[in-house]
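**Q** Once you've had a glance at the structure underneath, I'll fire off some questions.
Only the coordinates and a few stated rules stand behind these numbers; no lab work does. Fair warning: this is a prediction, and the values are worked out from it, not measured in the lab. Neighbour counts are summed over all protein chains in view; Cβ atoms, including those assigned to glycine, are modelled from backbone coordinates with ideal geometry.
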Amino acid sequence: MSLSKDRISAIARKEFFHIIYDFRTLFIIFLMPVVQLIIFGYALNLEIQRVDMAVVDLARSTQSRKLVGQFSGSKFFRPFFYQGRLDDLEDLFKSREAKVAMVIPFDFERKLQNETSVQVQFLVDASDANAAILIRNYCNQVIMDYNENRGVKLPLPFDLRSTILFNPELKSSHFFVPGVIAMILIMISALLTSITISREKETGTMEQILVSPVRPLEIISGKVIPYIVLAFLDAAVILLVGLVVFKVPFKGSLFLLTGLTVLYILTALSLGLLISTQARTQQVAMMMALLITLLPTVMLSGLVFPIASMPKLLQYLTYLIPARYFLLIVRGIMLKGSVFSQLLGPCFFLALLTLILLGVSVKRFNMNLER
Amino acid sequence: MKVIEITDYCKRYDGVAAVEGVTLKVEYGELFGLIGPDGAGKTTLLRAICTLLTPDEGKILVMGKDVTQSIMDIRSLVGYMPQRFSLYQDLSVEQNLRFFADLFGVTEGKRERRLLQLFEFSRLAPFKKRKAGELSGGMKQKLSLSCALIHTPEILVLDEPTYGVDPISRQEFWEILRSIQKEKTTILVSTAYMDEADLCDRVALMHQGKITMVGTPEKIKASFHYHLYRLEGKDVRFLRDFFQKLPSVRSTQLFGDTVHVSFCKKPALSDWKNWQRDSRGNLKRWASQPPSMEDVFMESTEKER
């Protein structure tokens, strides 16, 4: 059994014509990733800035004003003075006028002068737990700065100073842009391949192809080749938008990323093939492709939620998600400048997944009209 | 050697038989018609010959090769035109033809010559840049046929090629089939139009998954044992109901504004006079009628009941 290059190129050429004749789909293929990237890049922002802070200054002294000044000086807080009753502070949280409140006691200045410890109360709205933790940390940071400015030596057993590597400003977009590349690539690739084969089944053209002496692997290769090119162009567009609009750094080798992106696209296309061997109509193929790629990639790949903090069972499940490996690769190369030898693990798993998916789809590919 | 040899072929879908014990032989170079109404099992049988379906029981040999074994060999020998228009609507006439030429491995020199030939008989040359989806029904059929013929197959299998095509295009299509047959191609064609049976060398009548009769159209029509008359009158429905009740009548059939009635024995003139009276003057004219394929087919399905 030998594969015919002519037959593969005939199918690839025909598929290419389908793609370029269908402007609308082509438009969606290139526009959708950009829109998605912009939505993700701007909206999925985990940074916290300009938190409204209610200040109850009972001391009304120079020192207390200095403390408030310290908060308004940071870009994280927007303090405002609250004149109402202490008991009604809770209403500020309910009406979302403040996320945090600071109560400075009467004896603030006197205690400071006596060099005794003074307690300032912070009330944090923890209806969003993650934000609450961040706000508390920011408050601590500001208080520490304030103490340092006053020249107070804290009786600390050791000094804790952390240096943030690879993304010193902790920008979410640096984290999300590579992730969105992973998500969009798998979605588009799986969607397109599964639709192209199920369309031939639906319109009956598969019947006409199957009566020719063409082999399953020839049909599959011919169909996949144009979409590798298309998905690759898509990846380039997303990357470009990421670099230009979101100023995501690119530390590693573009050549390495290119090669591994092709590997990832192959995985995604194989997944699409497998779907198409099951789906009889384009509608079913589309639903299956979206269901299998979109939600698991968002939830289980580490795109948004860290895998390490998932329950054990879900952690095992993440091994089946191709985006999980590509995320390590693309974040590694872009943000950290990882080299190939540091990415062998994820590459191996991606290649393994591809081989399994491809093998099963070629096996399952029906060479006749039996169900 | 028989070109196609089917022995006791059975195919079931979810326990329901689509084709039940069909045995059939198609000779070299003949134009063979598979005649039967929708749902008779024609498509299933043709797909099985083209290796698209495997048998549940029985055996099919194409040029002596088993359809379950020599799949790729048979696919190179057979040209198949499915019932539904199955070409790429967004590709042009020429792109469709070239695609199938490549798929069947037609070499470049042969391909150009073949394209010219196919354009000549199909008269599609002026439309070669037009998208297949924008062709008329008749032109779509001819393009489908051309794609099935691109690799010069020894056997041509056509599944209801004239379905939904206007009468003039149908006639033209059959003329084309005749000219293809002259090039020593064996043709197996299915149709639900009984009048097309007369255009075949031999036909098989198919009904509910079984072959009821095989032979030349003349022989099949000659097998009609009854005496067929065409009746005209004021109210044909009344006439049909009237004759249906007579004991000497085998069957009745509405044919436009006439009724075909077959009698078990030839009625005498006195019988006709009596009937004219009994039908309250509804019966105007009657004439002996040679049986058409449709009469024979209806008769053969009567026997089944």
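**Q** Quick check: from the Cα gyration tensor, does the range A:222-319 come out rounded (a/c under 1.5), prolate or oblate?
**A** Oblate, since a/c reaches 1.5 and b/c is not below a/b.
**Q** For the protein assembly as shown, what's the radius of gyration and Dmax over Cα atoms, in angstrom?
**A** Gyration radius and largest Cα-Cα distance of the protein assembly as shown: 39.5, 142 Å.
**Q** Along the charge dipole of chain A, which of A:365, A:233, A:83 sits closest to the positive end, that is, farthest toward it, with unit charges on the beta carbon of Lys, Arg, Asp and Glu (+1, +1, -1, -1)?
**A** A:365
**Q** Okay, next question. Using r as the Cβ-Cβ distance of residue A:313 and residue A:87, and R0 as 51 Å, what FRET efficiency do you calculate, to the nearest 0.05? Could you put the intermediate results ahead of the total?
**A** Working: r = 46 Å, r/R0 = 0.91.
About 0.65, to the nearest 0.05.
**Q** Can you pull the one-decimal nm distance between simple spin-label points at residue A:132 and residue B:123, each 7 Å off the Cα toward Cβ?
**A** The two pseudo-label positions are separated by 8.4 nm.
**Q** Give me the distance in nm between label points sitting 7 Å out from Cα along the Cα-to-Cβ direction at residue B:168 and residue A:342, one decimal.
**A** So the label points at residue B:168 and residue A:342 sit 7.6 nm apart.
**Q** Using R₀ = 41 Å, calculate the FRET efficiency as 1/(1 + (r/R₀)^6) where r is the Cβ-Cβ separation of residue B:223 and residue A:13; round to 0.05.
**A** The pair residue B:223/residue A:13 has a calculated efficiency of 0.15.
**Q** Here's a follow-up. Of B:164, B:58, B:101, which is farthest towards the positive pole of chain B's charge dipole, taken about the Cα centre with +1 and -1 on the beta-carbons of Lys, Arg and Asp, Glu respectively?
**A** Checking the options against the dipole of chain B, the answer is B:164.
**Q** With +1 on each Lys and Arg Cβ and -1 on each Asp and Glu Cβ, and nothing else charged, work out how big the dipole of the protein assembly as shown is about its Cα centre, in Debye to the nearest 20. Don't jump to the answer; show the numbers that get you there.
**A** Details: 81 positive and 67 negative charges, 84 e Å.
Taking the Cα centre of the protein assembly as shown as origin, the dipole is about 400 debye.
**Q** Another question, then. Would you list which aspartates and glutamates come within 14 Å of residue B:110, measuring only between C-alpha atoms, while excluding same-chain residues fewer than 8 positions from it?
**A** Leaving aside aspartates and glutamates fewer than 8 places away in the same chain, those within reach of residue B:110 are B:102.
**Q** Right, something else. Across the Cα atoms of the range A:51-149, what radius of gyration and what greatest pairwise Cα-Cα distance (Dmax) are found, in Å?
**A** Values for the range A:51-149 (Cα only, Rg and Dmax): 13.1, 39 Å.
**Q** A further question follows. With each label point set 7 Å from Cα along the Cα-Cβ vector, what nm distance links residue A:140 and residue B:270?
**A** Modelled inter-label distance: 12.4 nm.
**Q** Can you give the relative contact order of chain A as a percent, counting alpha carbon pairs under 8 Å and 6+ residues apart?
**A** 20 percent
**Q** Please identify, among A:83, A:278, A:342, the residue showing maximal mean-square fluctuation in a Gaussian network model of chain A using a 10 angstrom Cα cutoff.
**A** A:83
**Q** Moving on to the next point. Using Cα springs under 10 Å in a Gaussian network model of chain A, which residue among A:331, A:280, A:110 shows the largest mean-square fluctuation?
**A** Comparing A:331, A:280, A:110 in the GNM, the peak value goes to A:110.
**Q** Can you give the convex hull volume of the alpha carbon atoms of chain B per residue, in Å³?
**A** 152 Å³
**Q** Dipole of the range A:272-371, Cα-centred, from +1 at each Lys and Arg C-beta and -1 at each Asp and Glu C-beta, to the nearest 20 debye?
**A** Roughly 60 debye, rounded to the nearest 20.
**Q** Calculate the FRET efficiency for residue A:162 and residue B:193 from the Cβ-Cβ distance with a Förster distance of 56 Å, rounded to the nearest 0.05.
**A** The formula returns an efficiency of 0.10 here.
**Q** Of the listed pairs B:245/B:265; A:223/B:142; A:75/A:247; A:66/A:171; B:59/B:221, which have alpha-carbon separations greater than 24 Å here?
**A** Pairs exceeding the cut-off: A:223/B:142; A:66/A:171; B:59/B:221.
**Q** Now for a separate question. What is the range B:132-195 by shape, rounded, prolate or oblate, if you read a ≥ b ≥ c off the alpha carbon gyration tensor as root eigenvalues and call it rounded for a/c under 1.5, prolate for a/b larger than b/c, and oblate otherwise? Present the calculation step by step, with values, prior to reporting the outcome.
**A** Working: a/c = 1.82, a/b = 1.25, b/c = 1.46.
The shape class here is oblate.
**Q** Here's a follow-up. Would you look at the GNM of chain B, springs on alpha carbons closer than 10 Å, and say which of B:11, B:140, B:219 moves the most?
**A** Most flexible of the set in this elastic network: B:219.
**Q** Compute the Kirkwood hydrodynamic radius of the range B:197-305, taking the inverse of the mean of 1/r over all pairs of distinct Cα atoms, and give it in Å to one decimal.
**A** 14.8 Å
**Q** Sticking with this one: As I understand it, the value is the acute angle between the Cα axis of helix A:62-73 and the longest principal axis of the Cα atoms of chain A; what does it come to in degrees, rounded to 10?
**A** Taking the Cα atoms of chain A, the angle to A:62-73 is about 10 degrees.
**Q** Here's something else I'd like to know. Expected output is a single nm value to one decimal: the length gained when fully extending between residue A:106 and residue A:78, i.e. 0.36 nm times separation in residues minus the C-alpha distance. What is it?
**A** Details: separation 28, 0.36 × 28 = 10.08 nm, distance 2.26 nm.
So the extension gain works out to 7.8 nm.
**Q** What is chain A by shape, rounded, prolate or oblate, if you read a ≥ b ≥ c off the alpha carbon gyration tensor as root eigenvalues and call it rounded for a/c under 1.5, prolate for a/b larger than b/c, and oblate otherwise?
**A** It comes out prolate by the Cα gyration axes.
**Q** Can you tell me the dipole magnitude for the range B:4-221 around its Cα centre, using point charges on the Cβ only (Lys, Arg +1; Asp, Glu -1), in Debye to the nearest 20? List each step's numbers first, then the result.
**A** Numbers: 29 positive and 30 negative charges, 108 e Å.
Here the size comes out at about 520 debye.
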